[in-house]
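J.: Below are the structure tokens for one structure; questions will follow.
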Amino acid sequence: MPVQIFTVESQPFAENSYVVWKDGSPDAFVIDPGFEPDLILEALAERDLKLVAIVCTHGHCDHIAGNAALKQAHPDVPIIIGAGDAAMLTDSTQNLSAPFGFDITSPPADRTVSEGETLTVAGLALDVFEIPGHSPGHVVYVIRETQPTTVLGGDVLFRGSVGRTDFPGGSHEQLKSGIRRVLWALPDNTVVYPGHGPVTTVGHEKRTNPFVAD
């Protein structure tokens, strides 16, 4: 199934937000709106896309900073996040914006998701998996309808690296275990769209990523 994924890199943390839609459909969802929501709104408008959901992988400020602006522009669009990180949306200490000198909050979640659920948005089925370690309630979304399989992975697995685990609630062992349990079980050609940096594949990281090695 042809699926389009457009990357919007938001400063100051070079965070990747993604606009996702099926070819031929006007409906789109956004993954992890960052600090430059105007760029996301422009990307939607330029492609005549209708925003139908704001989907977050976790609750850190650089991945939710644009939620309020998108919600203001599209009040009926739900904000969706893993149940374990939902409280971060409305708490600037938990979402780490206050420690960085910001005061970022998001509207509360309209829906929370947990492992084992399948979230259907914009005509696509997203399987939800919990991989804590970077944040306590971090989730990743797996789209199996694409060829190859797609992972919208947030700050779990990067090209040649992994998400930081020195934040409150972090655990490198949890993160490593979750990556191996969930992502390594996917086909090697699975494409991972991370929260920072370039896309990668499961197979490449299995072979070369030193942070997930035995």
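Every read-out reported here was derived from the displayed coordinates using simple, explicitly stated rules and does not represent laboratory data. From a predicted model like this one, the values you see are computed outputs, not experimental measurements. Ideal geometry is used to build each Cβ from the backbone, glycine not excepted, and the neighbour counts take in all protein chains shown.
J.: Can you give the charge dipole size of region 3-212 about its Cα centre, rounded to the nearest 20 debye, using +1 on the beta carbon of Lys and Arg and -1 on the beta carbon of Asp and Glu?
T.: Here region 3-212 has a charge dipole of around 620 debye.
J.: What is the spin-label model distance, in nm, from Ala185 to Asp103 if the labels are put 7 Å beyond Cα along the C-beta direction?
T.: Placing both labels 7 Å beyond Cα along the Cβ direction yields 4.4 nm.
J.: With a ≥ b ≥ c the root eigenvalues of the C-alpha gyration tensor of region 22-125, is it rounded (a/c under 1.5), prolate (a/b larger than b/c) or oblate?
T.: Oblate.
J.: Kirkwood hydrodynamic radius of region 106-159 from all distinct Cα pairs, in Å?
T.: 12.1
J.: Tell me the Kirkwood hydrodynamic radius of region 94-214 in angstroms, computed as one over the mean inverse distance between distinct C-alpha pairs.
T.: It is 15.1 Å.
J.: Here is a follow-up. Among Pro78, Trp21, Leu126, whose Cα sits farthest toward the positive end of the charge dipole of the chain (+1 at Cβ of Lys/Arg, -1 at Cβ of Asp/Glu, about the Cα centre)?
T.: Going by the charge dipole, the pick is Leu126.
J.: Report P(r) for the chain: all Cα-Cα distances, bin width 10 Å, range 0 to the bin holding the largest distance, values in whole percent.
T.: Taking all Cα pairs of the chain, the binned fractions are 9, 38, 39, 14, 1 percent.
J.: Moving on. Length gain on complete extension for the stretch Ser114 to Asp91, per 0.36 nm per residue less the alpha carbon to alpha carbon distance?
T.: 6.2 nm
J.: Summing -39500 (n - 2.57) over the DSSP H runs of n ≥ 4 in the chain and dividing by its residue number, what mean residue ellipticity at 222 nm do you reach, to the nearest 500 deg cm²/dmol?
T.: -4000 deg cm²/dmol
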